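A.B. asks: Sending over a structure as structure tokens; questions will come in a sec.
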Amino acid sequence: MKNVAIVGTGHTKFGVRTDVNLQELAWEAIKQALEEASLDQSDIQYFVVGNFGNWSSEEIPAVVIGEYSNLNPNGTMRVEAACATGSAALRDAYLSVKSGEVDIALAVGVEQMHQSPNPNTIELIGRAGDYFWEFQNFGLTFPSYYALHASAYMSKYNVKEEDLGNIAVKNHYYGARNPYAQFQKEITMEDYLKSRPVAYPLRILDSSPITDGAAAVLLASEEVAKRITDSPIWITSQGTASGTANLSRRSDFTHIEAAELAAKQAYKKAGINFETSWKYFDVAEVHDCFTIAEVMAYEDLGFAKRGEGYQLARENQTYIGGKIPVNVDGGLKAKGHPIGATGISMAVSITRQLLYRSHKGTQVDVKNGMGLFHNVGGTGHYAYVTILSSRRPSS
């Protein structure tokens, strides 16, 4: 099995991107990645498109993106893993290179959620679970799902609304410094507490937005990566797990079991101790589709003990300079959450952090040369944890 490196990254502006069609939006990210790696389309041997796309006009997005981006006749596929679609696309491209099947592969995630009216989009996201039991019978949408987690966590650990608000304030602080972010404005705790309820105890400022956007990464085998760049970022390991479709089959709503299992898989492969995992990483991206999701992620990744994740936010330990900087590009909360692109956007952010290429005001101090991103699909239906490093992994 071969070592695999990220050799090029691309990222579009996130937000309302109805100024272009789906394939044009994807090409913005692909073109940037190609230019960064000094490659052209003829160098790519396989490409994977991450696109959830129930709201999209394109039924077979990989084909139209391949044609528009001049990637034909190379092999391709479209993948879907709900909100973890981007990480699923990355995984398929990663395994194609790691196995030796190809030397250079592209993973691109793209979403145009504004192709459908917001109520339709919210309904379609709400179907991402056990449709007949949860959505059809009880009408749950994703704010409701995560409100169940928030209610359980806040009740068990005596957590205040302000503890969730700390996550929102931090992520908007960094989103204001990220030109790619959908929301580029800081908020105060007063703004948070005044924002309208969505699904108790979650407010509008607890919630990630409906977003359009694209991100891309170029992956290469070790032999090829060394010819392309003198600063490859290696995929050290990846863990993946799944959860039950029906949430009533779960016994604990204070964390996401699949995410913890994925983290432990990735850590085992990388030789990382779960209880002290934060010491290994310079920066992390976690799946903060709602503020409670970021709090749970701290614990599912071993950054804090059970019931103590909110204290990291309360003590500002996830800002740059703290114990473990998290979502310093704004996260899903402020950067945006274009479902098919989110996981690859995380990969782009961590890669650029490790290369000291992040935007002013968002760059961490890289000491260990390692970063992590955590991408959850649905409410723990899918989970991926990926570790990147500037240091070459052992074969």
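A.B. asks: Would you say residue 101 is among the charged types (D, E, K, R), at pLDDT 95 or above and over 19 Å from residue 343 (Cβ atoms)?
C.D. replies: yes
A.B. asks: Return yes when residue 285 is buried (at least 22 other Cβ atoms within 10 Å of the Cβ), in contact (Cβ under 8 Å) with a residue 60 or more places away in the chain and closer than 21 Å to residue 270 by Cα and no when it is not. Write out each step before concluding.
C.D. replies: Details: buried (at least 22 other Cβ atoms within 10 Å of the Cβ): yes; in contact (Cβ under 8 Å) with a residue 60 or more places away in the chain: yes; closer than 21 Å to residue 270 by Cα: yes.
When the stated conditions are applied, residue 285 passes them.
A.B. asks: Consider residue 266 against the criteria (1) open to solvent by 10 Å² or more (accessible area, probe 1.4 Å); (2) over 16 Å from residue 14 (Cα atoms); (3) assigned to a helix (DSSP H, G or I): it satisfies all of them except one. Which criterion is unmet?
C.D. replies: For residue 266, the failing item is (1).
A.B. asks: Now, a different point. Please determine, by comparing only the residues of the range 118-147 that are under 25 Å from the mean Cα position of the chain (by Cα) and open to solvent by 80 Å² or more (accessible area, probe 1.4 Å), which one is modelled with the highest pLDDT.
C.D. replies: 119
A.B. asks: When you check residue 304 against the structure, is it more than 19 Å from residue 236 (Cα to Cα) and touching a helix residue (DSSP H, G or I) at 6+ places or on another chain (Cβ under 7 Å), yes or no?
C.D. replies: For residue 304, the condition - more than 19 Å from residue 236 (Cα to Cα) and touching a helix residue (DSSP H, G or I) at 6+ places or on another chain (Cβ under 7 Å) - is met.
A.B. asks: Filter the range 160-182 down to residues that are surrounded by fewer than 21 Cβ atoms within 10 Å (Cβ to Cβ) and assigned to a loop (DSSP other than H, G, I, E, B), then give me how many there are.
C.D. replies: Final tally of qualifying residues: 4.
A.B. asks: Could you list all residues from the range 62-105 that are in contact (Cβ under 8 Å) with a residue 60 or more places away in the chain, in a helix (DSSP H, G or I), in contact with a Ser or Thr (Cβ under 9 Å, 6 or more places away or on another chain) and within 25 Å of residue 208 (Cβ to Cβ)?
C.D. replies: 85, 86, 87, 88, 90, 91, listed by residue number.
A.B. asks: Can you find a residue that is open to solvent by less than 10 Å² (accessible area, probe 1.4 Å), in a strand (DSSP E or B) and of a type in the set (A, V, I, L, M, F, W, C) anywhere in the range 225-232? Quick ask: steps written out before the conclusion?
C.D. replies: Initial filter on the range 225-232 (open to solvent by less than 10 Å² (accessible area, probe 1.4 Å)): 225.
Imposing the further condition that a residue be in a strand (DSSP E or B) reduces the set to none.
No: the range 225-232 contains no residue that is open to solvent by less than 10 Å² (accessible area, probe 1.4 Å), in a strand (DSSP E or B) and of a type in the set (A, V, I, L, M, F, W, C).
A.B. asks: Give 258, 293, 270 a once-over and let me know the one that is within 21 Å of residue 370 (Cα to Cα) and at pLDDT 95 or above.
C.D. replies: Working: 258 fails: within 21 Å of residue 370 (Cα to Cα); 293 fails: within 21 Å of residue 370 (Cα to Cα).
Just a single option satisfies the conditions, and that option is 270.
A.B. asks: Select from the range 198-221 the residues that are open to solvent by 10 Å² or more (accessible area, probe 1.4 Å) and either of a type in the set (Lys, Arg) or closer than 23 Å to residue 49 by Cα (or both) and list them in ascending order.
C.D. replies: Taking the range 198-221 as the starting set, the residues that turn out to be open to solvent by 10 Å² or more (accessible area, probe 1.4 Å) are 198-200, 203-205, 207-210.
Within the range 198-221, 203, 208, 209, 210 qualify.
A.B. asks: Here is a list: 244, 240. Which entry is outside any helix (DSSP H, G or I) and either in contact with a Cys (Cβ under 7 Å, 6 or more places away or on another chain) or over 30 Å from residue 2 (Cα atoms) (or both)?
C.D. replies: 244
A.B. asks: Restricting the search to the range 148-159, which residues are farther than 16 Å from residue 288 by Cα and either buried (at least 18 other Cβ atoms within 10 Å of the Cβ) or among the aromatic types (Phe, Trp, Tyr) (or both)?
C.D. replies: 154, 157, 159
A.B. asks: A further question on this structure: Check the range 19-42 and report whether any residue there is under 26 Å from residue 239 (Cα atoms) and surrounded by fewer than 24 Cβ atoms within 10 Å (Cβ to Cβ).
C.D. replies: no
A.B. asks: Condition check: touching a residue at least 40 places away in the same chain (Cβ under 8 Å) and part of a loop (DSSP other than H, G, I, E, B). Does residue 254 satisfy that?
C.D. replies: Details: touching a residue at least 40 places away in the same chain (Cβ under 8 Å): yes; part of a loop (DSSP other than H, G, I, E, B): yes.
Considered against the rule, which asks whether it is touching a residue at least 40 places away in the same chain (Cβ under 8 Å) and part of a loop (DSSP other than H, G, I, E, B), residue 254 comes out as yes.
A.B. asks: I'm checking my understanding of the structure. Among residues of the range 183-197 that are closer than 20 Å to residue 146 by Cβ and aliphatic (A, V, I, L, M), which one is most open to solvent (accessible area, probe 1.4 Å)?
C.D. replies: This residue is 193.
Residue by residue, here is whether (1) hydroxyl-bearing (Ser, Thr, Tyr); (2) within 18 Å of the chain's Cα centre (by Cα) holds:
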| position | (1), (2) |
| --- | --- |
| 199 | no, no |
| 205 | no, no |
| 211 | yes, yes |
| 224 | no, no |
| 229 | yes, no |
| 236 | yes, yes |
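The values are calculated or read from the model by the stated rules, or taken from the named source; none is laboratory data. Please read these numbers as outputs of a predicted model, since none were measured by experiment. In this analysis, Cβ positions are derived from the backbone assuming ideal geometry, glycine residues included, and neighbour counts consider all displayed protein chains. Note: accessible area is taken over every heavy atom of the protein model, side chains too, but ligands, DNA and RNA are not part of it. Shrake-Rupley method; radii C 1.70, N 1.55, O 1.52, S 1.80 Å.
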